[in-house]
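**Student:** First the structure, then my questions, so here it is.
The values are calculated or read from the model by the stated rules, or taken from the named source; none is laboratory data. These numbers were taken from a predicted model, which means no experiment stands behind them. All Cβ positions, glycine included, derive from the backbone under ideal geometry; neighbour counts span all protein chains shown.
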Amino acid sequence: MHGDPPLDLGAAALPFTVLAVLGFINAVNFLEGLDGLAAGVGLVVWLGLLVLTLAGGLWPFAALALVVTLRRRLRGGPLRADRTHLHRLLLDRGLRPRLMVPLPVALTGVYATLGVAG
């Protein structure tokens, strides 16, 4: 971004796009568990992606890869249900359920803004 030339993936553009979309869907699936949490965070991320796309940038997927790798090593797989998701840990420590949706959505908004601002 900021004047960098666009990344030309050539023939890899379609497979990359499919993997990126599947990765995003899987990342949102990790947030499932509270009404509105996945939808709120997904909306904020989508808006961030829209801004980056309009600006000609590329969204990094390193965080998702890290989460999948850590869950695979520590928990036996990224799709195995457990109580180690952030919202479950915070609820177990007494955070009120009413705050568990707006708090992560707001934090995602802050991180998306920082990422877009670069």
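**Student:** Could you say which residue among 74, 49, 79, 114 is modelled with pLDDT under 80, exposed (fewer than 13 other Cβ atoms within 10 Å of the Cβ) and in a helix (DSSP H, G or I)?
**Tutor:** 74
**Student:** Could you grab me the full set of residues in the stretch 82-105 that are over 13 Å from residue 47 (Cα atoms) and surrounded by 14 or more Cβ atoms within 10 Å (Cβ to Cβ)?
**Tutor:** Residues satisfying the conditions are 85, 86, 87, 88, 90, 91, 100, 101, 103, 104.
**Student:** To continue, here is another question. Under 19 Å from the mean Cα position of the chain (by Cα), in a loop (DSSP other than H, G, I, E, B) and modelled with pLDDT under 80: does that describe residue 64?
**Tutor:** no
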